[in-house]
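Peer 1: Sharing a structure here in structure tokens format.
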Amino acid sequence: MAVERVLLAEPRGFCAGVEMAIKALTWMTRIFEGPVYCYHEIVHNEWVVRAFERVGVVFVNDVTEVPEGAPVMLSAHGSAPEVVEGATNRA
């Protein structure tokens, strides 16, 4: 089956969950000094992730990589209860 025509919706943008995650991480970069840590990439968008890296966000694959007392945000995709507990214990 061949695709004869593709229609793109306008305007296109992020879903509400991604918008909220981006706003929350942006807020964190403004109020906390030093690096802000984020467990996994906040969204599946390379440009967004790289933009946050440029302003000092450090993406980690394990909450044990976050220095004790450092601000950490969890991914917009949800986290297992043990990850949430681990992040809370490092605060």
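FYI, it's all coordinate maths here, none of it is from the lab. All of these numbers come straight from a predicted model, not from anything done at the bench. Here the Cβ positions follow ideal geometry from the backbone for every residue, glycine too, while neighbour counts run over all protein chains shown.
Peer 1: Among THR26, THR64, rank each residue by its count of other Cβ atoms within 10 Å, from fewest to most, as a rough exposure measure.
Peer 2: Arranged by neighbour count, lowest to highest, THR26, THR64 become THR64, THR26.
Peer 1: Moving on to the next point. Whole-Hz ³J(HN,Hα) for each residue in the stretch 32-48, computed from phi via Karplus 6.51 cos²θ - 1.76 cosθ + 1.60 with θ = phi - 60°, x for glycine and proline: what do you get?
Peer 2: For the stretch 32-48, the Karplus curve yields 9, 7, x, x, 9, 9, 9, 6, 6, 5, 4, 9, 8, 8, 4, 5, 5 Hz.
Peer 1: Now, a different point. Under a 5 Å amide H to amide H cut-off, with H placed in plane at 1.01 Å, what residues pair with PHE59 once short-range neighbours are removed?
Peer 2: The list, which skips near neighbours in sequence, is CYS38.
Peer 1: Would you pull out the residues with amide H under 5 Å of ASN45's amide H, same chain only if 5 or more places away, H placed 1.01 Å from N?
Peer 2: The answer is none.
Peer 1: Another question, if that's okay. Would you compute, from DSSP H runs of 4+ residues alone, the mean residue ellipticity of the chain at 222 nm, taking -39500 (n - 2.57) per run and dividing by the full residue count, rounded to the nearest 500?
Peer 2: -12000 deg cm²/dmol
Peer 1: By count of other Cβ within 10 Å, fewest leading, how are GLU4, GLU85 ordered?
Peer 2: Placing the least packed residue first, the sequence is GLU4, GLU85.
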